[in-house]
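This is the structure I have questions about; it appears just below.
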Amino acid sequence: MESIKLDISKAAQFLNPGSVEGYAPQVAAAQEALENGTCPGNDFLGWLHLPSSITPSFLNEVQTVAKTLREKCEVVVVAGIGGSYLGARAVIEALSNSFAWLIKDKQNPTILFAGNNIGEDYLYELTEYLKDKRFGVINISKSGTTTETALAFRLLKKQCETQRGKEEARNVIVAVTDANKGAARTAANQEGYKTFVIPDNVGGRFSVLTPVGLLPIAVAGFNIEQLISGAQQMEQETGKDRPFSENIAARYAAVRQALYSQAGKKIEIIVNFQPKLHFMSEWWKQLYGESEGKDLKGIFPAACDFTTDLHSMGQWIQEGERSIFETVLSVEKPNNQLLFPHDDENLDGLNFLEGKRVDEVNKMAELGTRLAHVDGSVPNIRISIPTLNEYYLGQLIYFFEKACGISGLVQQVNPFNQPGVEAYKKNMFALLDKPGYEAESKAIRERL
């Protein structure tokens, strides 16, 4: 099997010769710290060798539960937020028919997502849609008290029990949660739900290859064995014994940090020319934003869908402040073929494209954009993916995770915590007069 590839030539040209290779010692030290568990956040390194630790029997268990949900449900709602849903959604959307929600699939249920916002209209419209549906729920929460997810799950649980009866609902609600503690674990034990464990040593944004991601992906009908196989291959290819020149995770981490610290590039825009990768970009944003954005440091992760956003963001990228660089996700071979037709009147002047594949037009748009942006002093990194399937997405996920861990350590932050996300929660609980927040509630209201 092929592997995803990394081309940093159009980024390194903006750096002094040897700048990327100059990070090799720091990268090696970061990898050594990861392997030895001596880095900050070392209690959250379970993702590092997760792919190689997954057994066929475990995958079979996940697939068995997924089969039950597929047989009993026409819709499955995944309740989770952040890393508890973005990875699964990224893979599902990348592999699904773009119009799957309009297609009646007798084999696989429609996968919907909730618990990632507190939009009343969204939740009302979801519950209305589900009123005549045989639906199930995958509740993903380590604690069971994350506000967005807990709120959605309470609504969905009640509706499922009302529509299907408590006994049948018990068979189509699955909890992915802590092994021993928390509200979600207590509820699952009391109700008799089938459960899967979120490992204590795997943080949410690194959890795609745990049941957090594997179960929804399997319910959607995709091959989780191939997903894990691809990740296993990338785990080997980015090991600490791999030479720096051959380790694409190490080189990606190094060139990012060189652009940040030496060339003043504070914003990384991940770009795709394949709309199916939109949520892969969203997952990437969380992975890098939560991992690196601390101690008043960090490259700001942004995302654009091209060519769509070339008609909105293209001007800024081409000629705006030169604080950005791009990482382009390029899919070498689409899964389908569509030829450009002839038109007798040729009013649009496009007959010169007659007989060409639409993907050829897209590839030339990609190449032309990359050249234009480089000419506009935007360093450009390219990650090529042979095709969109489970195997290469597994590679891509692990590649980004490994590079993220290395990059954060080189930047000298703890890549595995996220203390900053608690600030808004404390204010929200105080404003809602949650028991135990009386002092905070009084203080915050005095500021209003």
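The values are calculated or read from the model by the stated rules, or taken from the named source; none is laboratory data. The model shown is predicted, which means the values in this text are computed figures rather than measured ones. A quick note on method: Cβ atoms are made from the backbone with ideal geometry, for glycine too, and the neighbour counts reach across all protein chains shown. Each accessible area value is taken on the protein alone, full model and side chains, heavy atoms only, with ligands, DNA and RNA left out. Shrake-Rupley method; radii C 1.70, N 1.55, O 1.52, S 1.80 Å.
Of these, Glu268, Glu225, which one is closer than 23 Å to Asn417 by Cα and either touching a residue at least 12 places away in the same chain (Cβ under 8 Å) or not assigned by the TED database to the domain that holds Ala24 (or both)?
The match here is Glu268.
Name the residue that is surrounded by the most Cβ atoms within 10 Å (Cβ to Cβ), counting only residues in segment 75-109 that are touching a strand residue (DSSP E or B) at 6+ places or on another chain (Cβ under 8 Å) and over 20 Å from Val212 (Cβ atoms).
In this case the residue turns out to be Ala100.
Quick check on my filter: what residues within segment 33-74 are open to solvent by 70 Å² or more (accessible area, probe 1.4 Å), acidic (Asp, Glu) and farther than 19 Å from Ser207 by Cα?
Listed by number, the list holds a single entry, Glu71.
Here is a yes/no grid of residues against (1) part of a loop (DSSP other than H, G, I, E, B); (2) out of contact with any Asp or Glu (no Cβ under 7 Å at 6 or more places or on another chain); (3) on the phi < 0 side of the Ramachandran plot:
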{"residue": "Gln315", "(1), (2), (3)": "no, yes, yes"}
{"residue": "Glu321", "(1), (2), (3)": "yes, yes, yes"}
{"residue": "Phe325", "(1), (2), (3)": "no, no, yes"}
{"residue": "Leu329", "(1), (2), (3)": "no, yes, yes"}
{"residue": "Asp359", "(1), (2), (3)": "no, yes, yes"}
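Based on what the data block shows, is Leu393 hydrophobic (A, V, I, L, M, F, W, C) and open to solvent by less than 20 Å² (accessible area, probe 1.4 Å)?
Against the criterion (hydrophobic (A, V, I, L, M, F, W, C) and open to solvent by less than 20 Å² (accessible area, probe 1.4 Å)), Leu393 qualifies.
Of Arg242, Arg251, which residue is at pLDDT 95 or above and over 15 Å from Ile397 (Cα atoms)?
Arg251
Hey, another quick one. Out of (1) free of Cβ contacts under 8 Å to residues at least 12 places away in the same chain; (2) in a loop (DSSP other than H, G, I, E, B), the odd one out for Pro334 is which?
Of everything listed in (1) free of Cβ contacts under 8 Å to residues at least 12 places away in the same chain; (2) in a loop (DSSP other than H, G, I, E, B), Pro334 misses just condition (1).
Related question: In segment 192-206, what count of residues is obtained for those that are open to solvent by 40 Å² or more (accessible area, probe 1.4 Å) and either of a type in the set (Phe, Trp, Tyr) or under 21 Å from Thr68 (Cα atoms) (or both)?
Looking only at that region, the number is 3.
For the subset of segment 160-188 comprising residues that are polar (S, T, N, Q) and more than 26 Å from Lys425 (Cβ to Cβ), which member is surrounded by the fewest Cβ atoms within 10 Å (Cβ to Cβ)?
Thr162
Give, as residue ranges, the helices (runs of 4 or more DSSP H) completely inside segment 137-201 that count at least 3 residues that are in contact (Cβ under 8 Å) with a residue 60 or more places away in the chain, assigned by the TED database to the domain that holds Leu126 and closer than 13 Å to Val78 by Cα.
147-164
Just the residues that are in contact with a Ser or Thr (Cβ under 8 Å, 6 or more places away or on another chain) and either in the same structural domain as Glu93 (by the TED database) or polar (S, T, N, Q) (or both), please, taken from segment 381-393.
Once the filter is applied, which keeps residues that are in contact with a Ser or Thr (Cβ under 8 Å, 6 or more places away or on another chain) and either in the same structural domain as Glu93 (by the TED database) or polar (S, T, N, Q) (or both), segment 381-393 yields only Ser384.
A follow-up question, please. Return the residue satisfying two criteria in turn: it lies in segment 337-350 and is in contact (Cβ under 8 Å) with a residue 12 or more places away in the chain and part of a loop (DSSP other than H, G, I, E, B), and of such residues it is nearest to Pro386 (Cα to Cα).
It comes out as Gln337.
Looking at the structure I just gave you, is Gln233 surrounded by fewer than 24 Cβ atoms within 10 Å (Cβ to Cβ), over 18 Å from the mean Cα position of the chain (by Cα), among the polar types (S, T, N, Q) and closer than 21 Å to Met1 by Cα?
yes
Any residue at all in segment 258-268 that's modelled with pLDDT of 95 or more, closer than 29 Å to Ser98 by Cα, open to solvent by less than 30 Å² (accessible area, probe 1.4 Å) and not hydroxyl-bearing (Ser, Thr, Tyr)?
Yes, because at least one residue in segment 258-268 is modelled with pLDDT of 95 or more, closer than 29 Å to Ser98 by Cα, open to solvent by less than 30 Å² (accessible area, probe 1.4 Å) and not hydroxyl-bearing (Ser, Thr, Tyr).
Which residues, taken from segment 290-302, are surrounded by fewer than 19 Cβ atoms within 10 Å (Cβ to Cβ) and in contact (Cβ under 8 Å) with a residue 12 or more places away in the chain?
Answer for segment 290-302, where residues must be surrounded by fewer than 19 Cβ atoms within 10 Å (Cβ to Cβ) and in contact (Cβ under 8 Å) with a residue 12 or more places away in the chain: Gly293, Lys294, Asp295, Lys297, Phe300, Ala302.
Residues checked against (1) over 27 Å from Leu310 (Cβ atoms); (2) among the polar types (S, T, N, Q); (3) within 23 Å of the chain's Cα centre (by Cα):
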| site | (1), (2), (3) |
| --- | --- |
| Glu354 | no, no, no |
| Asn380 | no, yes, yes |
| Phe400 | no, no, yes |
| Ser407 | yes, yes, yes |
| Arg445 | yes, no, no |
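Checking the condition open to solvent by 60 Å² or more (accessible area, probe 1.4 Å) and assigned by the TED database to the domain that holds Gln233, which residue from Arg357, Arg370 passes?
Arg357
Okay, moving on. Please note which helices (runs of 4 or more DSSP H) are completely contained in segment 1-119 and include at least 2 residues that are closer than 29 Å to Lys333 by Cβ and in contact with a helix residue (DSSP H, G or I) (Cβ under 8 Å, 6 or more places away or on another chain).
Fully inside segment 1-119 and qualifying: 9-12, 50-53, 56-72, 86-95.
Here is a list of conditions, (1) open to solvent by 20 Å² or more (accessible area, probe 1.4 Å); (2) touching a residue at least 40 places away in the same chain (Cβ under 8 Å); (3) not in a loop (DSSP other than H, G, I, E, B), and Lys285 meets all of them except one; can you say which number that is?
With respect to (1) open to solvent by 20 Å² or more (accessible area, probe 1.4 Å); (2) touching a residue at least 40 places away in the same chain (Cβ under 8 Å); (3) not in a loop (DSSP other than H, G, I, E, B), Lys285 is out only on (2).
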